[in-house]
1. Which one of these is over 26 Å from His130 (Cα atoms), surrounded by 15 or more Cβ atoms within 10 Å (Cβ to Cβ) and either touching a strand residue (DSSP E or B) at 6+ places or on another chain (Cβ under 7 Å) or at pLDDT 95 or above (or both): Val35, Val11, Val61, Val16?
2. Of all residues in segment 113-124, which are of a type outside the set (S, T, N, Q) and surrounded by 15 or more Cβ atoms within 10 Å (Cβ to Cβ)?
3. Can you tell me which residues in segment 64-96 are within 24 Å of Ala117 (Cα to Cα), in contact (Cβ under 8 Å) with a residue 12 or more places away in the chain and open to solvent by 20 Å² or more (accessible area, probe 1.4 Å)?
Amino acid sequence: MGQLRGASGGVAPVRVTAIASLTPLEELEADPFLVDSRSQHAMCARWAAERGYVVARELLVGGLRFDHCALWDGVRPGVDVFVAPSRRVLERALSSVEEFTAECARRGVRVETVGRAEPSYDAQMKARVHRRLSMPTAGYDGR
């Protein structure tokens with residue numbers, strides 16, 4: 001599992017593009033998971049690892065058009081998979097989930113959602129996300 005046989009007979013790993021939503025820090029109190037892109041990418045990475053897939057790219061986008069080159073750069077039909085933590089993350093990350101999934105089908109690329117419960121955020125977790133996102137140039141890494 002996690003590998004596909006290529007045209008030359010070699011085995012290629014399934015490459016994953018993890019999609020996280022770019023959501024303003026101002027929305028942290030109302031919807032911390034949408035703001036916490038690190039947790040979104042981690043959820044996608046766990047999903048990929050469980051399947052033996054390789055995360056090739058992590059995208060952090062908000063309202064991106066389905067045909068934007070950032071989505072499709074280097075994507076190979078039958079080898080690559082887009083994954084997001086949930087449908088609602090995709091809805092925030094992309095301008096149209098329907099157009100994106102149709103384009104994926106047209107190009108022969110799978111799109112998946114992790115489908116696990118989002119973490120519950122307490123005040124301490126929200127504070128860590130806030131520090132990480134509000135002080136990135138100060139060298140703070142969120143730990």
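The values are calculated or read from the model by the stated rules, or taken from the named source; none is laboratory data. The model shown is predicted, which means the values in this text are computed figures rather than measured ones. Quick reminder, even Gly has a Cβ in these numbers, built from the backbone with ideal geometry, and neighbours come from all protein chains shown. Keep in mind that these areas ignore ligands, DNA and RNA; they rest on the heavy atoms of the full protein, side chains included. Shrake-Rupley method; radii C 1.70, N 1.55, O 1.52, S 1.80 Å.
1. Working: Val35 fails: over 26 Å from His130 (Cα atoms); Val11 fails: surrounded by 15 or more Cβ atoms within 10 Å (Cβ to Cβ); Val61 fails: over 26 Å from His130 (Cα atoms).
Matching residue, one of Val35, Val11, Val61, Val16: Val16.
2. Listed by number, the residues that qualify are Val114, Glu118, Tyr121.
3. Just the residues of segment 64-96 that are within 24 Å of Ala117 (Cα to Cα), to begin with: 81-96.
Applying the additional criterion that residues be in contact (Cβ under 8 Å) with a residue 12 or more places away in the chain yields 81-90, 92-96.
Ser86, Arg87, Arg88, Arg92, Ser95, Ser96, listed by residue number.
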